[in-house]
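Working notes, beginning with the structure itself.
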Amino acid sequence: MQGGAEALPDYEILEILLAASNPRGDTKPLAKQLIDQLGGFAAVLSADPEALRAVRADGRALGNAGIAMLKAVREAALRLSRSDLHQADVIGSWDKLIDYCKANIAHGAVEEFPAL
């Protein structure tokens, strides 16, 4: 808490999210395995439920509550990024436009090409 959330590595943030859906278990091995197998924190949040369920650590897999938590966090992050865009001139800021596009399509399973 003293160092702030910025000081936490990705697997620890993921571990905290998973612990909220499974408060009695050790979520560190699964958090690390998800990041290793899926390719990073953003990839874990963007992965489809079947890919998340397929990852195992210490004989454990992610259940529906954990998957729902990860999907809710991703949607919250997207809505947060969108709220900034609604308050400013998006096209006037290329950086914000690129950030928005990256957040919405960078980790999708289907390739998208937005036309502006």
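General observations
- Applying the criterion of being open to solvent by 90 Å² or more (accessible area, probe 1.4 Å) and either basic (K, R) or not in a loop (DSSP other than H, G, I, E, B) (or both) to the residues of the range 87-98, the residue that is modelled with the lowest pLDDT is W94.
- Number of positions in the range 59-84 that are modelled with pLDDT of 90 or more and either more than 14 Å from the chain's Cα centre (by Cα) or part of a loop (DSSP other than H, G, I, E, B) (or both): 5
- Matching residues, the range 45-70, being of a type in the set (K, R) and in contact with a strand residue (DSSP E or B) (Cβ under 8 Å, 6 or more places away or on another chain): R53
- Count of residues meeting criterion [closer than 10 Å to G66 by Cβ and of a type outside the set (A, V, I, L, M, F, W, C)] in the range 1-24: 2
- Number of positions in the range 61-81 that are exposed (fewer than 13 other Cβ atoms within 10 Å of the Cβ) and basic (K, R): 1
- Among the residues examined, E6 does not qualify as charged (D, E, K, R) and under 15 Å from the mean Cα position of the chain (by Cα).
- Counted residues, the range 15-51 - those being without any contact (Cβ under 8 Å) to a residue 40 or more places away in the chain and part of a helix (DSSP H, G or I): 19
- Scanning the range 7-36 for residues that are surrounded by fewer than 16 Cβ atoms within 10 Å (Cβ to Cβ) and under 19 Å from R53 (Cβ atoms) returns A20, G25, D26, D36.
- Across the range 48-58, the qualifying residues are those that are among the aliphatic types (A, V, I, L, M) and modelled with pLDDT of 95 or more, and the one among them that is most open to solvent (accessible area, probe 1.4 Å) is A54.
- Count - residues of the range 21-47 that are acidic (D, E) and modelled with pLDDT under 95: 1
The values are calculated or read from the model by the stated rules, or taken from the named source; none is laboratory data. None of these values were measured; they are calculated from a predicted model. With ideal geometry, Cβ positions are generated from the backbone for all residues, glycine too; neighbour counts draw on all protein chains shown. Note: areas computed on protein heavy atoms with side chains; ligands, DNA, RNA excluded. Shrake-Rupley method; radii C 1.70, N 1.55, O 1.52, S 1.80 Å.
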